[in-house]
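To start, the structure itself, in structure tokens.
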Amino acid sequence: MSRNFYVTTPIYYVNDVPHLGHAYTTLAADVLTRYRKLKGDKVFFLTGTDEHGQKVEKAANATGETPLELADRVVKRFQSLWEKLGIDFTDFIRTTQERHKKGVSELFSRVMAKGDIYLGEYEDWYCTPCETFWTETQLIDFKCPDCNRPTEKLKEESYFFRMSKYQDALLAHIEANPDFIQPKSRRNEIISFVREGLRDLSVSRTSFTWGIPVPGNEKHVIYVWFDALANYITALGYPDETADFTDFWPADVHLIGKDILRFHAVYWPTFLMAAGLPIPRKVFAHGWWTVEGQKMSKSLQNVVEPNMLIDRYGVDAVRYFLMREVPFGLDGDFSHAAMVHRINSDLANDLGNLLNRSTAMMNKYFGGVVEEPGEFTGTDLAYREKTETLAGLLDSCLDDLAFSKALQVIWEVISAGNKYIDETAPWTLAKDPAQRGRLATVMYCILESQRVVFHLLFPFMPDTCRKGLSYLGWEEPVSERGIAWGGLRPGTKTAKAEPLFPRIEEKGE
Ligand code: ME8
């Protein structure tokens, strides 16, 4: 049954150009989107940029641009990367857009009208890179406990959100909805954080001006996280009750990195409770990538630039690697050696070689034309069954956002294909004219299993799968219909495949 599905990525700060971490979350959202669409769902996939706040203002000062000039320049870098990475988003929101500013002001006003935002005074330690206030006891050597950078003491008049009021309701919600915060280890962290007690949250600043003014008191700008989190609803049209808002809110899943979980699993739900709006169904925090064993950082000059990776290895190899190498939710390491190894073993050897040898045999034995299969033997049936159960396995992997596991189970069918060829030995059958019917059946199974695989792998590697399907003579667009066994019609003309992934020389080979 078709349903509506709403997936989001964080909106990325424009003080920095896109790196591996940004590409990772956005890619995961894309795979999920393409998978849900393949299953016939109506999907809204939102990404965008976070353009307000002191961090962006400071970066603009440093480059001599206005914050908006900086944003206009950097946003293009994100948008062109998403195009190159094959990201199929529905909408791209920029927090400097009118629609967003209007929605944020309205959200702020409504929460204030309810009495949950009040004017007070703030004195605490601020970490600008994290855009976060800390109490003195939370600091470690007066440095930010999250990023270990220096903090500064700020005292200012500020509006406060009565977050404390929602502590019990939030805890009850988290406890009643075990899937709300994932993975589980992260959920436990949030539960302890909330249990320790929620303080009211400063939600305005007077020390700089680059932000959305507080309605009715223009001396203040709205706190950048209040502004940013609201993107998930302003993009749907909030405060207007648009069709998108009705169809897609609450979000099915907010995909984020582990460093911004508290904002999404504590601040955001309490803002929504105060505004009388439903809470997202799931917040999933993925892990962080290190690079060749080291933390990725500008000062180490080891920031992995996704454009460079795509130019070097090709878009689908990068998509495959990022989704396959590390279970979603855990930290992982990027290295060129690991990338090249995956390309050679999984993509060139297993996937590419299977298509190659089977289309070559088709050409040789049948002039590339698919023949009517005969009766299936035990080996054929086992191979067919392995192929047919794949769709169900993938469903459960993707429900759990287990992207790596999903690719693993797809690869089991690909390996089964290579093994099936070795066992059935078409080259031996081809020598005996009496075995021509048997050969046709074997070749049919080989092609048909790959056709199903290319459908199910499509969300991960769309270009490769389109190519693969066209070698198999499959002209229809990729859709749920194509997942079922038996789609390949006798008479279809296949073509000998060029290698999908040429091998790359491995150091030390
Ligand atoms: O936090 N590995 O934006 P941002 C994996 N504007 N992910 C990484 C990473 C790494 N090495 N480094 C960063 C913001 N990330 C806010 C979001 S949402 C309402 C506002 C991830 O550009 C990080 O975990 O600093 C985060 O999810 C994302 O990049 C965006 O970071």
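Only one residue in Thr234, Thr242, Thr246, Thr209 is more than 14 Å from the ligand (Cβ to nearest atom), in contact with a helix residue (DSSP H, G or I) (Cβ under 9 Å, 6 or more places away or on another chain) and among the polar types (S, T, N, Q). Which one? The match here is Thr209.
In region 444-470, what residues are open to solvent by 40 Å² or more (accessible area, probe 1.4 Å) and of a type in the set (Ser, Thr, Tyr)?
Ser470
In summary, Arg489 fulfils each of the numbered conditions (1) touching a residue at least 24 places away in the same chain (Cβ under 8 Å); (2) open to solvent by less than 40 Å² (accessible area, probe 1.4 Å) with the single exception of condition (2). Would you check if Ile310 is within 15 Å of the ligand (Cβ to nearest atom) and buried (at least 17 other Cβ atoms within 10 Å of the Cβ)? So Ile310 does not fit the description; no. Please find, within region 136-153, the residue that is nearest to the chain's Cα centre (by Cα) out of those that are touching a residue at least 24 places away in the same chain (Cβ under 8 Å) and open to solvent by 30 Å² or more (accessible area, probe 1.4 Å). The qualifying residue nearest to the chain's Cα centre (by Cα) is Asp146.
Filter the strands (runs of 3 or more DSSP E) completely within region 1-101 down to those with at least 1 residues that are of a type in the set (Lys, Arg), crowded, with 16+ Cβ neighbours inside 10 Å and modelled with pLDDT of 95 or more.
Numbers: elements: 4-13, 42-50, 91-94.
Those strands (runs of 3 or more DSSP E) span 91-94.
The residue pairs whose first member lies in region 276-297 and is farther than 17 Å from Arg186 by Cα, whose second member is of a type in the set (Ser, Thr, Tyr) and more than 8 Å from the ligand (Cβ to nearest atom), and whose beta carbons are closer than 8 Å, counting only pairs six or more residues apart or on different chains, are Val291/Ser335; Glu292/Ser335; Gly293/Ser335.
Can you say whether Met273 is part of a helix (DSSP H, G or I), more than 12 Å from the ligand (Cβ to nearest atom) and buried (at least 17 other Cβ atoms within 10 Å of the Cβ), as far as the supplied structure shows? In short, yes.
Please verify whether region 284-303 includes one or more residues that are basic (Lys, Arg), assigned to a loop (DSSP other than H, G, I, E, B) and away from the ligand (no atom under 14 Å from the Cβ). Within region 284-303, not a single residue is basic (Lys, Arg), assigned to a loop (DSSP other than H, G, I, E, B) and away from the ligand (no atom under 14 Å from the Cβ).
Contact list please: Cβ distance under 6 Å, first residue in region 334-352 and outside any helix (DSSP H, G or I), second residue surrounded by fewer than 16 Cβ atoms within 10 Å (Cβ to Cβ), pairs at least six apart or on different chains. Listed by first residue and then by second, the contacts come to Ser335/Glu292. Scanning region 446-498 for residues that are more than 24 Å from Gly367 (Cα to Cα) and of a type in the set (D, E, K, R) gives Asp463, Glu480, Arg481. Look at region 26-38: where a residue is hydroxyl-bearing (Ser, Thr, Tyr) and a partner is assigned to a helix (DSSP H, G or I), sitting 6+ places away or on another chain with Cβ atoms under 7 Å, you get Thr26/Trp82; Tyr35/Leu398. Tallying residues that are closer than 24 Å to Thr25 by Cα and among the basic types (Lys, Arg) within region 88-119 yields 1.
The values are calculated or read from the model by the stated rules, or taken from the named source; none is laboratory data. What you see is a predicted model, and the numbers here were worked out from it, not measured in a lab. Virtual Cβ from ideal backbone geometry, glycine too; neighbours counted across all protein chains shown. To get the accessible areas, we keep the full protein, side chains included, count just its heavy atoms, and leave off ligands, DNA and RNA. Shrake-Rupley method; radii C 1.70, N 1.55, O 1.52, S 1.80 Å.
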